[in-house]
Amino acid sequence: QDPSESDSKVNVTGVLDDCLCDIDSIDNFNTYKIFPKIKKLQERDYFRYYKVNLKRPCPFWAEDGHCSIKDCHVEPCPEYLKMANNTKELEDCEQANKLGAINSTLSNQSKEAFIDWARYDDSRDHFCELDDERSPAAQYVDLLLNPERYTGYKGTSAWRVWNSIYEENCFKPRSVYRPLNPLVPSRGRFFICTFSCLCLEKRVFYKLISGLHASINLHLCANYLLEETWGKPSWGPNIKEFKRRFDPVETKGEGPRRLKNLYFLYLIELRALSKVAPYFERSIVDLYTGNAEEDADTKTLLLNIFQDTNQMQFNFKSLIRLKIFSEFRLHFKNISRIMDCVGCDKCRLWGKLQTQGLGTALKILFSEKEIQKLPENSPSKGFQLTRQEIVALLNAFGRLSTSIRDLQNFKVLLQHSR
């Protein structure tokens, strides 16, 4: 359909490329099966706390220091703005600092529990690099106190992050109209090749990154700062912002493609959950928080979600080939390092979590044979997941589930706004 004839409708239907899946079936499956359970799981203690290092310096460029938050506290805005009496820019900066700051509130009981968790985790056998988990600068963050939503984060740093993810990883089509700045949806540039130039593996990688980008943008549109009442911010869906990012006319036809990539990413992570189920079904694996009853309930809920994932039929035949595992892993390590360049702490938190979640999903898909050979009652040296990987995997998938739910809400809002 020609974008000019779309009547500004964001209409994503039909079968997804590469996996032969119907979008309407995915919507129903997510709404009635997955979303209610994954939301409940994210509220459990095991999954609500994520350990992350938000102080690691950007390895690729000097940080701007302009409207960025390097620590958990709110930094003062640049002095030159005050000296220049640039009221509007100063207000925008201070608002972005306030909204982007991490709420690091933790009870003494929680802090004591984390020490117990670390002692328990250290007693397990690990066969992978722990990265942020072992850093002295890493801290536990309560994800429920730090929801992903619009923070006002913008500027050079925001532009560089997504530009680097797309450009420096080289897994991109050359003619896709795409915004280099995620906060300016309708500006991009054309390249000389076509999407079909990419081999299957590279096409998969690009669609995963595009889907993640679309999901994050949907979160910002669905939880937008609408107004302040009595000094407190009010959050909700912003139809205008949604159209700017996904409307076929305003995005020159690319909006629906981005949303299809969101569905593609959802199915990739759903597939990973179905494949990793045998790992968690073993009696030796528990979701330890020190509360035996709650831990058992949490594992039961998780296994119930795994059962649901098997009800969704899709065909990923030869979709991801083992021969490019090392290349995929290298690219994702690079993307995780790029996330250290995000200037807003809350944005960095969710960027790192969702990137690690997707990386864990790919690790699972590339380890299918090892998972099938896992011993029932003893640790395996062939395949292991750390607490951080488990928390990131389920929360990242929870974000995708929420994105698809939010997309359904926007479709209803758009119909009512005509």
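Given a cut-off of 31 Å, name the pairs among Lys299/Lys369; Lys33/Lys369; Lys55/Lys411; Lys40/Lys411; Lys260/Lys369 whose C-alpha atoms lie farther apart than that in the structure shown. Working shown, then result.
Values: Lys299/Lys369 23 Å; Lys33/Lys369 28 Å; Lys55/Lys411 39 Å; Lys40/Lys411 25 Å; Lys260/Lys369 29 Å.
From Lys299/Lys369; Lys33/Lys369; Lys55/Lys411; Lys40/Lys411; Lys260/Lys369, over 31 Å: Lys55/Lys411.
Could you give the length gained by full extension between Arg337 and Gln307, i.e. 0.36 nm per residue of separation minus their alpha carbon distance, to one decimal place?
7.4 nm
Report the gain in length on full extension from Ile23 to Phe60: 0.36 nm times residue separation, minus Cα-Cα distance, nm rounded to one decimal.
Working: separation 37, 0.36 × 37 = 13.32 nm, distance 3.82 nm.
Contour length minus Cα-Cα distance gives 9.5 nm.
Between the stretch 344-418 and the stretch 243-288, how many Å separate their Cα centres?
If you average the Cα positions of each part, the centres end up 8 Å apart.
Fully extended, how many nm does the chain gain between Asp297 and Gln415 (0.36 nm per residue separation, minus their Cα-Cα distance)?
Numbers: separation 118, 0.36 × 118 = 42.48 nm, distance 4.04 nm.
Contour length minus Cα-Cα distance gives 38.4 nm.
Where a number appears in this text, it was derived from the coordinates with a stated rule and is not lab data. What you see is a predicted model; the values in this text were computed from it and never measured.
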